[in-house]
Structures are given as structure tokens and as C-alpha cells.
Amino acid sequence: MKQIDVKNQKRLSMKRCFDLVISGVQFRLFRAAITVAIVALAVAFLMTMLTESLTAREVARAMETETAPRELLLYWVDRVTNPMGPAELTDELAAIDVGGPRWREFATWGSLRDEQLTTLKDVAQSQLEYREFFSGLDEGEIRPLVGRARGHRIYEHLQTGENWERFVTELPNLNTQLPTSQAEFESFLSDWKDTQPLRQAIIAGQSQAIAKAEEVIGDPAPTEFFATAEPETILQLETFGYVLPKDSVETIREQAGLVRHVRLIERTLMVGVIKNRLAGERNAATAEVTADMLFDHVDGSTGAEWLVEQVTYVRQQPIEIRQRIENVKAELAKQREIITDKQETLAELQAADDPDEQEIASTKERLAAARQAAAGAQRKLNKLPKELAAAEADAQPVAAFDIGAERIVTAADYREDQKSLRDVESSIVAATVGTSASGFLGFSTRTMWLVIVSFVVCVVGIANAMLMSVTERFREIATMKCLGATDGFIMINFILESCMQGLAGGLIGTVLGLLLGLLRGWAGYGFMALSNFPLSQVLAIGGVSLVMGIVLSAIAAVYPAWVAARLAPMEAMRIE
Amino acid sequence: MEESTTTSTAPATGRPDEEKPVIIRTRDLKKHYIMGEVTTKALRGIDSEVHRGEFISILGPSGSGKSTFFNMIGGLDSPTAGRVFIDEVDVAQLNAVELAFLRCRKIGYIFQTYNLVQYMTCIENVTVPMAFAGVDPDEARERGMRLLDLVGLKERWFHKPIEMSGGQQQRTAIARSMANNPMILLCDEPTGNLDLKTGQEIHELLVRLNKEHGVTILCVTHDHRLIKLSDRIFWIRDGGIERIAEQHEIQVETGAIGGEEHE
């Protein structure tokens, strides 16, 4: 028998495969378009989700910087007015930075040494664990354990031997277990008891500090104080144990100033005249005038100057009225003088030996005129104080108004910013409901699930389209096999075709998804989404989406390609 | 059981005087199709020999197993038992990739429905097997043009299949089957879909390839004129070769051929 001269069939170069696939795809453009559309949809969905979650994250990050100054102000207003309770103190202690501002404050307030604070921190951290354990219990479970005690009183309650005995007996009846062993809990209880005076010392020291701060701040609201006081005065707080960084002082003052200005502008609406005039300016009924309308009106130099004018006018009114009162009083005095004078003249004339009748008549006439004028002045004088009171009442709300047009515009802008920040904040809260910040790419489990389902649907769709394509081409495939195509070539041919469709679909989907994501971001966060758009990250995830589209198509094509490759070449002989 | 089924097997070798080498040889070739519990015996043990350069027609009623036989010697299907030697190579011993090699270089296929790739031009169709054989594209094109010249379609090389008549398509298919200079051409009713005149042209082309290029041709056909041109005729019935007729017998028996067919 002759030596076998059959060798392995050559493998086709990738370029040849590629050319063949291209001409094949061009021939079946419609089916290819369907596959492309499926991929595009799935990829667009993924891309939108990714873009959205990235935008939300970036905006949230930007929000933190944007709101930081205001938060700082609110924090300090809270600090100098509200003392913290035992629960807050535990939170603060558990998270305290060694040597940080709070550390130093607590050290001063409680006259504590560093090692005492370290102990407090350890105790607080354990306490948080136990707090979680106790708050996880329902009423029926906690009552037998510790009676009516709740919160930090539980640890007080358990100090007595009797209560502890009961706790220990009841504990095994629970479904849940203590986070630590019973012995550890017992030692925690004794630690807690030992450190309780230290905590009380801190709280007492804090109360004193707040009392002293209140003296410095005086009558006005703390915001007013921070807005108007000199930095040195604010830094006086440090002498009461507060640790207030110098650069914070400037920020706080600035923020407090803006808040104060906004409030000043808002108060102008309490003046009836200004309200009426604003209604006139805005073509609205007086009842319709709102603070938003006012700020909208003054957000610009013309409007701001208008407001300044109004305020000046309102404040000018009492002064003018007072001036008028003075004038009227002077007039009255003058008329009274005339009256006295004329009366004397008249008496003299009448007492004369030969009274000049003509003279007497004219004097009487004058007297009557003077009396009439005096009576008029008196009437005016009676009315004016009422007017004065009204004008003064009007002027009172704007008494402290001491800002110019420029400041008004700044304050209006600030209020606008704060308002949009609040909107964005609520959007972020809505967008991040149920999401965990630690999740993959910021995805929640639910979103993740949706994306996975969309991928599965996509793979099934592509597989279906490819399978149809294979069925349609049975004869072509079989003929190719008769002409010497290997199974591998057929397989690569189909997978390559699918990958190319995946690439096209991926590109379309990425662009589409990016646009959609941008739009949704814009709808949710307004310009903050655009100004904080994470471009480089989005480009990176665009690449990921594209690759995802190709990979999905390749996976989906495996089965159809296998079916095609397995096809017997004699199918080519079949006549339909 | 298998041994007992070899009914009506005609003597395998027609001409013992052969100086020409044997190119296709089958030995006790059997093919069974198992469908559920029923076993269909498509081939019941065929022994046959085809010599190089022969022109052979295969005849048989439908369901006789002629298509199965045809697929076996074309390396398109593997036998249940027995052997097929093509150019002294046992086809059953080859793996999938080697079979692809065999189909690519040693055998050319011509189908009743032409089976041209619809999205390729004439010349692209002709050069597909060359691409599979790894021929350089430029050389493939040159050779493809020569082949198109041979079948008389040189002027239409850029046409797509739908732009050509059935005869032209079949001629393209013949050019394609000759792409890698095969030793054997397997034709499955090559003129079945063509009118008489066009069919005649195809016959002439096949005969020319047979005579001038020395290609061995096996042809499943019902066309009398083609049968007349054959060197030998295999009659297949019930999965076996019923009879083999020589060229000189054909002339005499032409009338009887029609009687043999039941279609």
C-alpha cells in the first residue's frame, strides 16, 4: 500500500477569515443589524447604569466640598448651643482621633490625661457593639433582661448583683447572643462604671463651656454673632476649651455673613410698602409675593439697587415724620405766640379812652386767623405720632439692613446655590436608596441583577439570531466543507462574525448609553452633573462596555458556531 | 448477519486487463443508519474499483443507496464497516482535518444545485478552495482565471451567481471543482436542473476534462446522453451493485436503461 500522502489541512490566515466574514456580513446586512441592535441595547443599558452611578458618585463627592463651609457653620452653631448627650458622647469617643481637636477639647473639659482618654475610647468602642446588640432586641426580649432600663442606663442597671443575676439567667433564653463572651461583658461593665465619672466630667465641662460661650455671644443668634463678631472675639471661644482652627474662623464668618445677608433680605418682605412695590414691579398680586420672587428680583445690580432704595426710603420715613412733627410744633408755638400777642393788643386797644374801632376789628380778625391756624396745627400734631409709629414699625425689620447692592447680589446667588444644592442632595439620596457605596462600581445588588439579566437576554438573543443565520446557511457551510474548510475555520468564521457585530453594537451602545447617562445625570443633578463629569472614568467604562459587547457576542456565538462546525458536508447534496 | 446480507453483489472488477492504477477501491463497504430501534441498511457490502481516468456513471432508483455510496467515495461520510481507498489511502483512517485536506485537493464536487456562494463573484467562488489550500491570492487569481477560461467564462469573472444563468453557474461550479487539480470529480446529477442544450454543453465540458486532463469522473445521473459517454456504468439497487456495464455494452442496452429506472 502506498504511503499516505494526506496531510493536515492548512489553517487560514486571520485576514482571509476576516475578508470572508466581511463579505458574508454585507450580504446578510439585515440579520446582522438585528444582532447589532440587541448588543447595542444591552451595552447601552450597562453604559447608562455605569455612567449614572459614576456621575452620582462624583456629584456626591463634589457636594461634600460644596456644602462643607455651610456644614462647618452649622456644626459650630450647634457646638456652642447644644450640649451633647451620653449617646453622642459615646459615638464621638469611639471615633475620636488621638491628639485631634476633639481629643484636646475633651481633655480640657474633663481635665483628663491622654491614657484616660484612651481608656474611654476603648470602652466607647465596646459600648457601640453592645448598643447594637441591645437595640436589635425587641421589647419582649429586652424587658426580662434589664427591666425598664434603656440606652446607657442598661449598664448602670446591671451594676447591682441582683440585676446581673437576672440578666445572666435570662440571657440563654435569647435567640441572639452577646457579641462577646459573658465574662468580657462583665469586665466591660466594670470598666464602664469606672470610667463613668470621666464621661460625666466631660459633659459637665462642656456645659460650662457652653454657658461661657453664651455670655460672649450675648443676645443675638449664634449665626449673627459669627457673622458680625471680629475674629479675635470668636477665637475667645478657645479659652473655654473649644478647639477652633484659625482657618475655620474665616470660613465660618463668611458663611455666617452670607446666611445673615439672606436673612436681612428676607426680612424686607415684612415691610408692607416694599412688598406692595415688589408686587407692582413683578406684576403680581401682593398676596402672591414670595421670598423666591424677591430673590429672583434682586439677583442683578438693577434689582439690588432697587431694594437698597426701598430700604433707604422706608428707613427715611420715621425721620421725615419726626421732622414734620418738629415743624408742626414750631408752627403751633408761633401761632400761640401770635394769639397771646394779639390778645394783649386787643385788651390795650379796648382799654384806651377812644378805642379805634377799625384797629380793634382788624386785630380781632388776626386773632381769629391765628386761632384757626393753631387749631389746624394741633390736629396735625395729634395725627402725626400715629403715622410715626406706623413708619417706625415698617422701618424696624430693616433696621439692621446694612448691605449694599453688591452684597445683595452675592447673597441672592448664595441662596440660589444652596437651593440647587438641596435639590441635588435629595436627588442623590433618591439615586442611592438601596445602594451600597462599597458595591462593585457603585452598583447596588438590584442594579447588578438587572444588568446581569440584560446580559443573559442579550446572549440568548444573539445566540438565536446566529442560530437562524447558521440554519439559513446550511448548504453554504456544507459546500465550504466539501471545498476543504475545516471545522475550526467554520467555527472561527461564525465567532468572528459575531464578534464584529458585537463590536459594532458595542460602539453604538456605548455612545447611546453615554448620552442617555449624561441626560439622566443632567435631569437629576443639573449642571453639577456636567461640571463634575468624570470623563476619564467614563471613557474607561466605555472601553469596558465595548469589550463586554464583544465578549457577550463571542459567548453567544459558541453554540451556533459549534452547530455549524458539526454539520455534515453531505448536507450540500440535499435538494430542498 | 452482516455476512449474510451481501446479496446481489456483482463482480467488482470489470476489466482485468487494466494497466491504469486503481484510484477508488471499496472493500465490503457497508453503511447502516440507526434510527431509534430500526436499522436501515443503506449499503450492504459493496466491492468496487475505479481506475484512473475513467468516466463512470452511477445509476439507480431513489432509495437504492446510490447517494450513500457517492458520499462514501467522496469522503463525505464514514462507513459502518468495510473500507474505502482513495488513491490507496484508507478514508476511514483519516481524522477530520485530513479529510478536509482530501476534499480540498483530491476530490472536486459538482452539485445539482451548483451551490455557489451567493455573496461572492465568479472568480471569488473559484478561488475559495485555493484559499483553503493556502495558495497565494495572486496565484490563485491567475489560476482561477485560467480555469474560467477553460469553462468559457473568462469574460464574466466579476459576476455574482444571481447574475448568471444556470449553465453559467454550473460551469463556474465546475471551474471551482477543478481549482486544486483534483484526481476525482464527483458529480451529483450535474445537469438535473438544466435544459437539454445547456446540459449538452456541460457534458462536453466534463468529457473534455476527462480526456484532456485525465480527471476521473464519477457521475450520478439519469441523463441518457451522459450515460452514453461513460466508460462504465454502475447499477445500484438495494444497497449493492447490481451490475456493471462496459462501454461497448452501453450502446446495445440503451433502450433497456429506461426500463431499469422507475422514476
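The values are calculated or read from the model by the stated rules, or taken from the named source; none is laboratory data. Since this is a predicted model, take the numbers as computed values, not measurements. Note that we place each Cβ from the backbone using ideal geometry, even for glycine, and neighbour counts take in every protein chain shown. Calculation scope for accessible area: heavy atoms of the full protein, side chains included, ligands and nucleic acids excluded. Shrake-Rupley method; radii C 1.70, N 1.55, O 1.52, S 1.80 Å.
Extending 7 Å from Cα along the Cβ direction at A:ALA369 and again at A:GLU129 yields two label points whose distance is 10.4 nm. The ratio of the alpha-carbon radius of gyration of the range A:127-206 to the globular-protein estimate 2.2 N^0.38 Å is 1.12. Shape summary of the range B:108-154, radius of gyration then Dmax from alpha carbon positions: 10.7, 30 Å.
Positive contributions from Lys and Arg (+1) and negative ones from Asp and Glu (-1), summed over other residues with Cβ under 11 Å from the Cβ of A:ILE142, come out at -1. Across all Cα atoms of the protein assembly as shown, the radius of gyration (one decimal) and Dmax (whole number) stand at 52.8, 195 Å. Remark: the range A:67-192 carries a charge dipole of roughly 400 debye about the Cα centre, counting +1 on each Lys and Arg Cβ and -1 on each Asp and Glu Cβ. Per residue, chain A exposes 54 Å² of solvent-accessible protein surface, assessed with a 1.4 angstrom probe and all protein chains in place. Each label was represented as a point 7 Å from its Cα along the Cα-to-Cβ direction; for B:GLU142 and A:SER362 these points are 14.7 nm apart.
Rounded to the nearest 500, the helix-only mean residue ellipticity at 222 nm of the protein assembly as shown stands at -22000 deg cm²/dmol, with each DSSP H run of n ≥ 4 adding -39,500 (n - 2.57).
For the cross-link pairs A:LYS7/B:LYS106; A:LYS10/B:LYS106; B:LYS160/B:LYS197, the ones whose C-alpha atoms lie over 19 Å apart are B:LYS160/B:LYS197.
Counting only DSSP beta bridges with both residues in the protein assembly as shown, the antiparallel share comes to about 60 percent. Straightening the chain between A:THR119 and A:SER187 buys 23.2 nm, computed as 0.36 nm per residue apart minus the Cα-Cα spacing. Projecting the Cα atoms of A:ALA523, B:ALA81, B:THR191 onto the charge dipole of the protein assembly as shown (Cβ charges, centred on the Cα centre) puts B:THR191 farthest toward the positive pole. Rounded to the nearest 20 debye, the dipole magnitude of the protein assembly as shown is 3200 debye, with +1 charges on Lys and Arg beta carbons, -1 on Asp and Glu beta carbons, and the Cα centre as origin. Just the Cα atoms of the range A:99-162, one point each, no solvent: what log10 I(q)/I(0) does Debye give at q = 0.15, 0.22, 0.25, 0.29 Å⁻¹? Taken in order of the listed q values, log10 I(q)/I(0) reads -0.62, -0.90, -1.02, -1.19. How much of the pair distance distribution for the range A:475-543 lies past 15 Å, counting alpha-carbon pairs only, in percent? Value for the range A:475-543: 67 percent of Cα pairs lie more than 15 Å apart. If only the Cβ of Lys and Arg carry +1 and only the Cβ of Asp and Glu carry -1, the dipole of the range A:267-370 around its Cα centre is close to 760 debye. How much of the pair distance distribution for the range B:162-217 lies past 13 Å, counting alpha-carbon pairs only, in percent? The proportion of pairs with Cα distances above 13 Å equals 58 percent.
Rounded to 0.05, the FRET efficiency of the B:ARG208 and A:LYS15 pair, given R0 = 45 Å and the Cβ-Cβ distance, is 0.80. Partner shielding of A:565-572 amounts to 4, given as the average count of beta-carbon atoms from other chains within 10 Å of each residue beta-carbon. Counting only DSSP beta bridges whose two residues both lie in chain B, roughly 60 percent are antiparallel.
For the range A:202-341, taking Cα atoms only, Rg and Dmax work out to 23.6, 81 Å respectively.
When the inverse distances between all different Cα atoms of the range A:499-576 are averaged and flipped, the Kirkwood radius reads 15.3 angstrom.
Along the charge dipole of the protein assembly as shown, which of A:ALA568, A:VAL43, A:ILE274 sits closest to the positive end, that is, farthest toward it, with unit charges on the beta carbon of Lys, Arg, Asp and Glu (+1, +1, -1, -1)? With unit charges placed on the Cβ atoms, the residue in question is A:ALA568. Accessible area ranking (1.4 Å probe, heavy atoms, ligands and nucleic acids excluded), largest first, for A:PHE295, A:PHE455: A:PHE455, A:PHE295. Interface area, chains B and A: about 3400 Å² of buried accessible surface, summed, with a 1.4 Å probe and ligands, DNA and RNA left out.
A 1.4 Å probe over all protein chains sorts A:THR268, A:THR119 by accessible area into A:THR119, A:THR268, starting with the largest. For A:VAL456, the solvent-accessible surface computed with a 1.4 Å probe is close to 80 Å², ligands and nucleic acids excluded. When the Cα convex hull of the range A:349-507 is projected onto planes of every orientation, the mean area is 26.2 nm².
Which one, A:ALA107, A:VAL470, A:LEU514, projects farthest toward the positive side of the charge dipole computed for chain A from Cβ point charges (K/R +1, D/E -1)? Farthest towards the positive pole: A:VAL470. The mean count of C-beta atoms from other chains within 10 Å of the C-beta of residues in A:469-482, rounded to a whole number, is 4. Take every pair of alpha-carbon atoms less than 8 Å apart whose residues are at least six positions apart; their mean separation over the length of chain A yields a relative contact order of 28 percent. A simple spin-label model places pseudo-atoms 7 Å from Cα toward Cβ; at A:THR286 and A:GLU326 they are separated by 3.1 nm. As a calculated quantity, the FRET efficiency between A:LEU269 and A:LEU174 at R0 = 56 Å, using C-beta atoms, amounts to about 0.40. For the range A:402-423, backbone nitrogen atoms closer than 16 Å to the point 7 Å from A:THR228 Cα along Cα-to-C-beta are found at A:402-404. The Cα atoms of the range A:26-133 define a convex hull whose projected area, averaged across directions, is 12.7 nm². Peptide B:77-87 shows a mean partner chain C-beta count of 1 within 10 Å per residue C-beta. Taking every alpha-carbon pair within chain B, the share separated by more than 27 Å comes to 38 percent. Once all protein chains are placed together, A:HIS261 keeps about 20 Å² accessible to a 1.4 angstrom probe. What the Cβ-Cβ distance of A:ASP402 and A:ALA333 gives, at R0 = 41 Å and to the nearest 0.05, is a FRET efficiency of 0.65.
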